[in-house]
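Just below is one structure, and these are the notes that go with it.
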Amino acid sequence: MKLNLPHILIVDDDKRILQLINDYLSKNNFRISTANNSLIAREKIENIEFDLIVLDIMMPGESGLKLTDSLKKNNFKTPILLLSALGNPDDRIKGLEIGANDYLTKPFEPKELLLRIKNLIHKNKYNKQKTKIVKFGPYAFNLKNEILKKNGKIFILSSSEAKLLYILAKNDGKPIFRHNLSKILNIANTSRALDVQITRLRNKIENNKKFPTYIQTVRGRGYVLKVE
């Protein structure tokens with residue numbers, strides 16, 4: 001399996017549709033993960049960074065619309081393409097209003113799905129390349145050169161502090177697990193080792209390190225940088 005291929009999550013309770021999309025996209029150079037309900041989809045989204053979500057609207061339990069609405073309200077940036085047997089224009093409009101990036105009505109031509117997916121992934125990559133400055137409070141962090149500025153003036157960080165901030169900032173306002181941080185930073189996966197790194201960075205940028213505004217602890221998960 002080539003890990004550099006775009007990774008897509010397909011969510012549909014119809015096993016036949018799920019398999020057809022899986023097979024077709026796999027043959028067209030995509031990595032595929034699948035889920036047959038929103039609960040499983042949420043678990044995978046929390047642990048894997050996908051390039052795109054293909055999401056069926058009509059599912060038992062939490063619908064695709066409710067899942068989309070919930071994700072987008074939490075600043076979820078990954079493109080979502082909705083699938084539905086509902087052809088009513090109002091249904092399409094509702095999906096787009098809550099933040100879906102595209103909408104395709106069943107039945108559809110696989111080639112059309114493929115073209116829409118390629119377009120969404122390309123557009124998302126372009127937007128990411130344009131947005132290289134992450135802002136939080138008086139700070140602006142340049143992801144390209146790892147330079148932090150405070151109120152427009154360069155704010156000095158050590159190389160290890162800049163690397164930690166880069167990882168947090170690149171995660172786009174989403175929590176990152178402790179073990180993932182430790183692995184990327186190449187430090188021991190222990191509470192003490194990682195906490196020392198976090199504390200040093202907080203000492204630099206937080207007004208009150210005991211009640212941090214920007215680098216916040218997410219209980220049971222890890223840390224998140226609260227970006228604008």
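The values are calculated or read from the model by the stated rules, or taken from the named source; none is laboratory data. The shown structure was predicted, so the numbers you read here are calculated from the model rather than taken from an experiment. Neighbour counts are summed over all protein chains in view; Cβ atoms, including those assigned to glycine, are modelled from backbone coordinates with ideal geometry. Quick note on the areas: whole protein, heavy atoms, side chains included, nothing else; ligands and nucleic acids left out. Shrake-Rupley method; radii C 1.70, N 1.55, O 1.52, S 1.80 Å.
Descriptive notes on the structure:
- Rel. contact order, % - alpha carbon contacts under 8 angstrom, at least six apart, region 159-216: 27 percent
- Expected 222 nm ellipticity per residue - DSSP helices of 4 or more, -39500 (n - 2.57), all of the chain, to 500: -13500 deg cm²/dmol
- When the Cα convex hull of region 21-66 is projected onto planes of every orientation, the mean area is 3.4 nm².
- All-pairs alpha carbon distance profile, region 99-211, 10 Å steps from 0, percent: 11, 34, 26, 17, 10, 3
- The listed residues Leu143, Leu25, once ranked by accessible area (1.4 Å probe) with the largest placed first, stand as Leu143, Leu25.
- Across region 14-131, C-alpha contacts under 8 Å between residues 6 or more apart give a mean separation that, scaled by the residue count, equals a relative contact order of 21 percent.
- Degrees between helix 15-27 axis and first principal axis of the chain (Cα, 0 to 90, nearest 10): 70 degrees
- Calculation over all alpha carbon pairs of the chain in 10 angstrom steps from 0 returns a P(r) of 7, 29, 30, 21, 11, 2 percent.
- Where only alpha carbons of region 10-101 are counted, the Rg and the Dmax (Å): 12.6, 34
- Listed cross-link partners Lys73/Lys204; Lys73/Lys210; Lys44/Lys73 are compared with a 23 Å cut-off, the Cα-Cα value being larger for Lys73/Lys204; Lys73/Lys210.
- Within region 74-175, the chymotrypsin sites (Phe, Trp or Tyr not before Pro) that combine a DSSP coil assignment with at most 16 other C-beta atoms in a 10 angstrom radius are Phe108.
- Share of carbon and sulfur in the accessible heavy-atom surface of region 13-115 [1.4 Å probe, %]: 49 percent
- Region 46-173 - convex hull of the alpha-carbon atoms, volume per residue in Å³: 131 Å³
- Among residues other than Ala35 with Cβ under 14 Å from its Cβ, the summed charge is -4 (Lys and Arg +1, Asp and Glu -1).
- Total charge dipole magnitude, region 1-86, about the Cα centre, Cβ charges on Lys, Arg, Asp, Glu only, Debye to nearest 20: 200 debye
- Figure note: His7, His179, His122 ranked by solvent-accessible area, largest first, 1.4 Å probe, ligands and nucleic acids not counted: His122, His179, His7.
- Sparsely packed loop sites in region 142-174 (the trypsin sites (Lys or Arg not before Pro) outside DSSP H, G, I, E and B with at most 12 other Cβ atoms within 10 Å) comprise Lys144.
- Using alpha-carbon coordinates, inclination of helix 110-130 to the longest axis of the chain, degrees: 20 degrees
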